[in-house]
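Structure record follows, encoded as structure tokens.
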Amino acid sequence: MGTRDDLLAAAKQCLAERGYARTTVRDIVAASGTNLAAINYHFGTRDKLLTQAMMETTASAVQQILDAPPADDPGDPAVRLHAFLQRLIDSFTADRPLWSANAESFAQALHSAELRTEFGVAQAQAREGLSHFFADDSTDPAVGAVLQTLIGGLLIQWLVDPDNAPTAETLTAGLRTLSAAVRPD
């Protein structure tokens, strides 16, 4: 690995161990075996490095969830959605430090126009990727928007109050009810 990759790996490790707000440039330098100038040279700022690390880690986690073996009946959208939501919830539990750092990074973006712009681009890419959820050969931007919204809301609920957060069953049932309610007659 080169210096840039070493910095990214160290930033990912620090995010998992310390969170976004508590990770310092000194932490990253110590974990990477590089120097402060390398952060500035390759990323410009600590926030840009942490944002890149967070986006890569989150995208990888979501891609693993999407790439998991298909549900019992992958042709049934409800079964596929339920399986996706369950894998997502399992990831929130298994990879809590990653998801906590993810939520923390969004709070940091409230104070930085540059971070908001970077997150906006990443969110648009996520919506595009999720728009293929029900069929690889077709895209529906509305599907991407709904799934991204579900992921964000579900994440916060599972981080703050996992004992009372909705289950995959609850969400799937609720979406069925909503779908029937908004279906044109």
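The values are calculated or read from the model by the stated rules, or taken from the named source; none is laboratory data. Small disclaimer: the values here were computed from a predicted structure and weren't measured. Quick reminder, even Gly has a Cβ in these numbers, built from the backbone with ideal geometry, and neighbours come from all protein chains shown. Note: accessible area is taken over every heavy atom of the protein model, side chains too, but ligands, DNA and RNA are not part of it. Shrake-Rupley method; radii C 1.70, N 1.55, O 1.52, S 1.80 Å.
A few points about this structure:
- Solvent-accessible area per residue, Å², over the chain with all protein chains present [probe radius 1.4 Å]: 56
- Projected over every direction and averaged, the convex hull enclosing the alpha-carbon atoms of segment 42-141 yields 7.4 nm².
- Axial C-alpha extent at least 24 Å, average Kyte-Doolittle at least 0.0 - helices from the chain (DSSP): 77-94, 141-160
- Q157 versus Q123: modelled label distance in nm, points set 7 Å from Cα along the beta carbon direction: 1.9
- Rounded to the nearest 20 debye, the dipole magnitude of segment 58-133 is 160 debye, with +1 charges on Lys and Arg beta carbons, -1 on Asp and Glu beta carbons, and the Cα centre as origin.
- Counted over all Cα-Cα pairs of segment 85-127, pairs farther apart than 12 Å make up 66 percent.
- Once the C-beta distance of N164 and R26 is scaled by a Förster radius of 41 Å, the resulting FRET efficiency is 0.60 to the nearest 0.05.
- Using a Gaussian network model of the chain in which every pair of alpha carbons under 10 angstrom is joined by a spring, one finds that among A122, A38, A53 the greatest mean-square fluctuation is at A38.
- Shown here are the Rg and Dmax of the Cα trace of the chain, at 18.3, 64 Å.
- With all protein chains in place and a 1.4 Å probe, the accessible surface of the chain carries 55 percent carbon and sulfur.
- Neighbour-limited loop hits for chymotrypsin sites (Phe, Trp or Tyr not before Pro), segment 1-78 (at most 16 other Cβ within 10 Å; DSSP other than H, G, I, E, B): none
- Assigned charges on the beta-carbon of Lys, Arg, Asp, Glu; the chain dipole about Cα centre (debye): 640
- Positive-pole candidate from W99, L15, A68, dipole of segment 1-119, charges at beta carbon: L15
- Inter-label distance, nm, simple model (7 Å from Cα along the C-beta direction), A181/T3: 5.7
- Difference of contour (0.36 nm per residue) and Cα-Cα distance, S60 to V79: 4.5 nm
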